[in-house]
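Below is one structure, written out as structure tokens; the observations come after it.
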Amino acid sequence: MNSPAPIALFAYNRPDHLQRCIEALQKNELSPDSDLILFCDGPKNEEARKEAETVRQYAKSISGFKSIRIVERDENYGLSKNIIDGVTSTVNTYGSVIVIEDDLVCSPHFLDFMNQGLNKFQGCNDVISIHGYCPPISIDDPVFFLRGADCWGWATWKRGWQLFNPDGKELMKKLRDSGKLYDFDFEGSYDYSGMLQKQIEGKVNSWAIRWYASAYLQDKLTLYPSKSLVINIGSDGSGTHQQSESETRTDLYTEKIIIPDIPIQESPVARKDLAKYFYSHLGIKGRLRKLLKWGY
């Protein structure tokens with residue numbers, strides 16, 4: 001069996017969140033065999049300096065992993081640059097990576113699921129990543145594939161991350177030329193294309209939308225558990241990038257999931273259910289925007 005993939009954990013100025021994230025990881029059976037690399041971003045301003053320093057002090061007290069390396073940024077990279085640089089350096093060194101941010105709490109079997117997926121689909125170029133979070137949709141199978149990539153507790157290989165295109169303008173042009181923007185937005189139920197446009201305009205600094213678009217445009221698949229192995233605790237007003245809690249709330253599944261042999265193709269049932277789930281959270285204004293943008 002392959003050694004567990006390294007864990008790249010990204011933190012900034014929320015020591016309480018980081019502690020909850022670490023404590024959840026420590027409950028995983030594979031933690032003592034896993035290398036942990038903690039990327040601590042530098043403070044954006046004086047107001048953030050105290051909490052950022054508290055994060056770094058806490059990081060030095062962490063134990064329970066095979067090895068722990070702390071990367072202290074000497075300036076404020078921002079979330080996108082910190083993650084892109086950290087993931088790139090990790091896959092270049094190890095060949096694969098498990099990525100988690102400080103506002104995520106994982107199941108005791110999260111690392112097992114990530115490593116199962118990495119090992120099982122290592123030689124399958126159609127699969128770009130393994131994901132830990134799943135919205136509360138009803139899927140009978142224990143796992144399923146969706147086209148694209150995601151960002152809440154995930155894993156990939158060097159071959160997968162090499163497909164990441166940081167150029168939002170180029171990604172948007174390819175999406176428009178493909179005629180698949182409506183599908184990219186899950187039948188218009190989630191404004192991913194609008195998020196990409198905001199990234200292009202500098203209104204948001206999202207690496208995740210470019211990761212999703214990069215994978216989607218190359219017809220790559222991500223494996224999801226049908227029960228979520230990750231929850232987000234960052235919708236409390238403390239973070240720099242947030243979604244509403246009502247959009248993302250789900251229960252943390254604490255049982256082990258064994259990944260079965262399934263067809264390497266997107267699940268139409270999961271895609272349809274996810275589109276319905278997104279649509280149910282649009283609200284009146286969101287549904288009006290959908291109507292104005294897509295005409296239906």
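So here's what we get for this one:
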read-out	value
Selected residue (criterion: farthest from TRP157 (Cα to Cα)) from residues of the range 7-34 that are assigned to a helix (DSSP H, G or I) and in contact with a helix residue (DSSP H, G or I) (Cβ under 7 Å, 6 or more places away or on another chain)	PRO15
Contacts under 7 angstrom Cβ, first residue in the range 157-182 being over 30 Å from SER3 (Cα atoms), partner at pLDDT 95 or above and outside any helix (DSSP H, G or I), 6 or more apart	LEU171/ASN165
Test: residue in the range 60-74 that is surrounded by fewer than 16 Cβ atoms within 10 Å (Cβ to Cβ) and part of a helix (DSSP H, G or I)	no
Scope the range 52-78; condition more than 22 Å from the chain's Cα centre (by Cα), among the charged types (D, E, K, R) and under 19 Å from ASP103 (Cα atoms); matching residues	GLU53, ARG56, LYS60
Failed item, numbered, when HIS17 is tested on (1) surrounded by 21 or more Cβ atoms within 10 Å (Cβ to Cβ); (2) under 25 Å from ASN92 (Cβ atoms)	(2)
Considering residues of the range 137-188 that are closer than 22 Å to LEU282 by Cα and β-branched (Val, Ile, Thr) only, the residue surrounded by the most Cβ atoms within 10 Å (Cβ to Cβ)	ILE137
Pairs with Cβ under 9 Å, 6+ apart, first in the range 39-63 and without any contact (Cβ under 8 Å) to a residue 12 or more places away in the chain, second hydrophobic (A, V, I, L, M, F, W, C)	LYS60/ILE68; LYS60/ILE70
Every pair of residues 6+ apart whose Cβ atoms lie under 7 Å, when the first sits in the range 68-89 and is in contact (Cβ under 8 Å) with a residue 60 or more places away in the chain while the second is small (Gly, Ala, Ser) and not in a helix (DSSP H, G or I)	SER80/SER206; GLY86/ALA8; VAL87/ALA8
Failed criterion for LEU111 (all others in (1) part of a helix (DSSP H, G or I); (2) under 20 Å from ILE37 (Cβ atoms); (3) out of contact with any helix residue (DSSP H, G or I) (no Cβ under 8 Å at 6 or more places or on another chain); (4) not polar (S, T, N, Q) hold)	(3)
Contacts under 6 angstrom Cβ, first residue in the range 260-289 being over 20 Å from TYR224 (Cα atoms), partner modelled with pLDDT under 95 and among the charged types (D, E, K, R), 6 or more apart	HIS281/GLU247
Considering residues of the range 94-136 that are crowded, with 24+ Cβ neighbours inside 10 Å and of a type in the set (Phe, Trp, Tyr) only, the residue nearest to ASN28 (Cα to Cα)	PHE110
Residue selected from the range 1-17 under the condition modelled with pLDDT under 95 and not hydroxyl-bearing (Ser, Thr, Tyr), by the criterion nearest to LYS50 (Cα to Cα)	ASN2
Some residue of the range 230-250 being surrounded by 15 or more Cβ atoms within 10 Å (Cβ to Cβ), at pLDDT 95 or above and among the small types (Gly, Ala, Ser)	no
Positions within the range 170-179 being assigned to a helix (DSSP H, G or I) and either more than 14 Å from TYR212 (Cα to Cα) or of a type in the set (A, V, I, L, M, F, W, C) (or both), in sequence order	LEU171, MET172, LYS173, LEU175, ARG176, ASP177, SER178
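The values are calculated or read from the model by the stated rules, or taken from the named source; none is laboratory data. What you are looking at is a predicted structure, and each value in this text was computed from that prediction instead of being measured. No Cβ is skipped: glycine too gets one built from the backbone with ideal geometry, and neighbour counts run over all protein chains shown.
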